[in-house]
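Have a look at the structure below before the remarks.
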Amino acid sequence: MSQKPKPSHGLAACPGCAEPLESGDRFCGACGYDLSAVPAAETGPDRPTVAIGTPVNWPDAPPREAGSLSTMTQHPGDLPGTDSGGHDLPADPAPAPGGDFELAAPDPRAAVRVDDPAPAPVPAPAAQATGAVPEGAHADGLCVACRAGRVDTDGYCENCGHAQPRERDHMERELGGLAAVSDRGLRHHRNEDAFAVSATTLPDGSPATVAVVCDGVSSATRPDEASAAAAEAAGAALLAALPRGTHPQQAMHEAIVAASEAVNSLAEKAADGDPHRNAPACTIVGSVVADGLLVVGWVGDSRAYWVPDDRAAPAARLTEDDSWAAQMVAAGLMSEAEAYADERAHAITGWLGADAYELDPHTVAFKPDRSGVVVVCTDGLWNYAEGPEDMARVVPPDAAERPLHGARVLVGHALDGGGHDNITVALVPFAAPPQGAGPA
């Protein structure tokens, strides 16, 4: 969950006295703090590839038939339930293009009230989403809370009255060697995260894998719709660009722009007629693994981590938050521990939405010299494994071989920690080319 701050030099509040700031302020009206002394957020061009070895050539792709590309996108609106406005969604949605998707069966955790102690997560077996099971019920039709009463058509137990968890509260997808899992968590009434995972080929026939994770801004309107629109648009843009031979870093930049436009279009449906007032918004982070390159792009505070298979090598965080806390650290006004302990830490300074200050996609490319896994996640996970070393400790050693299992373990770690937010994580394995490999 992220929150939008008030606009002002990218700062939500005065670094000296925490007084709220307005756009264009040069000095704090309360304490006189000189805001020009605070370095502005970096808005320069995308960072270049960290070069290791020879550059990768990206030839033009042969023509493809229009409409032949699709993205495997999962988000709350895919499944039975209600949208953020309380309107019913289709009871039996069509499967995602390209094949069926897998879901975990509803979990007793979801019936826990906010004031109840959080139990340990209960692992749930995967099941096909066929629409044959009543919404929120187990296959036997019994209440997940009391296991005695039947579930009525309104989704409540006829015996104990508990509202049943919806299938959209927990989503899983494994495709082409990568996987993603999204969970509502233990405190939120709905899942406002979304993800898209997909696999395609480059013009030379080599594989490319794509993962996009979005986190709806809870303080904005319709955050679930914003994250869903962004994930779908970014995933589709990457699947269209990579087979054409577009460099993955450029493709990632264009995908974030496409995601922004998709979220902006939601604001045109604003009830009060003002598309820029508390518009739908979300953060985004994505990764592409293709031909020895690892490309990451983001806006906001969703993150990507690098965890090598050889745990003797250091893990790394690949993204830099667009947040109040990150700006305080960058300006030298707080230590990282102090900044992220502050209640304003998660106020974001960059997001996708019609009321964003400006669109500033960040992209960076790497050429890792060893195999590992990329962890693409929302703050619902990294709040419980913030540092690279922390993340490396909770990622299973076999995550590259069993990414779906690894993603489930990471979601379980966040649930064990309290599950205070929606949790979404994608695991993208990266296989380094053999030493000395290259053209003969």
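The values are calculated or read from the model by the stated rules, or taken from the named source; none is laboratory data. No experiment lies behind these values; they were computed from the predicted model shown. Note that each Cβ is placed from the backbone with ideal geometry, even for glycine, and that neighbours are counted across all protein chains shown. Ligands, DNA and RNA are stripped out before the accessible areas are found, and what is left, the full protein with its side chains, is counted by its heavy atoms. Shrake-Rupley method; radii C 1.70, N 1.55, O 1.52, S 1.80 Å.
Please compute the volume of the convex hull spanned by the alpha-carbon atoms of region 168-279 and report it per residue in Å³.
Hull volume over Cα atoms, normalised by residue count, gives 100 Å³.
Taking only protein heavy atoms and a 1.4 Å probe, what accessible area per residue, in Å², does region 171-267 have with all protein chains in place?
On the way: 2450 Å² over 97 residues.
Accessible surface, normalised per residue, equals 25 Å².
Can you tell me the order of 323-333, 292-302, 149-159 when each peptide is scored by its average per-residue count of other Cβ atoms within 10 angstrom, highest first?
292-302, 323-333, 149-159
Enumerate the calculated ³J(HN,Hα) couplings along region 370-376 in order (Karplus 6.51 cos²θ - 1.76 cosθ + 1.60, θ = phi - 60°), each rounded to whole Hz, writing x wherever the residue is Gly or Pro.
Working through the residues one at a time gives 8, 7, x, 9, 9, 9, 10 Hz.
To the nearest 20 debye, what charge dipole does region 353-440 have about its Cα centre, counting +1 at the Cβ of each Lys and Arg and -1 at the Cβ of each Asp and Glu?
Once rounded to the nearest 20, the dipole reads 500 debye.
Just to check I understand the Karplus step: with θ = phi - 60° and J = 6.51 cos²θ - 1.76 cosθ + 1.60, what whole-Hz values come out for region 219-231, glycine and proline as x?
Per-residue couplings from phi come out as 7, 9, 7, 6, x, 5, 5, 5, 5, 5, 5, 5, 4 Hz.
Quick one: putting +1 on the C-beta of Lys and Arg, -1 on the C-beta of Asp and Glu, what dipole do you get for region 154-256 around its Cα centre, in Debye to the nearest 20?
Roughly 160 debye for region 154-256.
Output needed: percent of Cα pairs per 5 Å distance bin for region 243-334, bins running from 0 to the one holding the longest distance.
Percent of pairs per bin, in order: 3, 11, 15, 17, 16, 16, 12, 7, 3, 2, 1, 0.
Dividing the alpha-carbon Rg of region 379-426 by 2.2 N^0.38 Å yields what?
1.04
Hey, can you rank 170-181, 228-239 by average C-beta count inside 10 Å, highest first? It would help to have the intermediate numbers written out before the result.
On the way: 170-181: 23.2, 228-239: 28.1.
Listed from highest to lowest mean packing, they are 228-239, 170-181.
P(r) tail for region 313-440, what percent of Cα pairs lie past 23 Å?
It works out to 44 percent of all Cα pairs.
Could you check how much of the accessible area of region 208-360 is carbon and sulfur, as a whole percent, using a 1.4 Å probe?
Exposed carbon and sulfur together represent 49 percent of the surface.
Note down the net charge around E389, summing +1 for each Lys or Arg and -1 for each Asp or Glu among other residues with Cβ under 14 Å from its Cβ.
Counting the neighbours of E389, the net charge comes to 0.
For region 287-355, count the residues as N, evaluate 2.2 N^0.38 Å, and divide the Cα radius of gyration by that value, please.
Computed over Cα atoms of region 287-355, the ratio equals 1.34.
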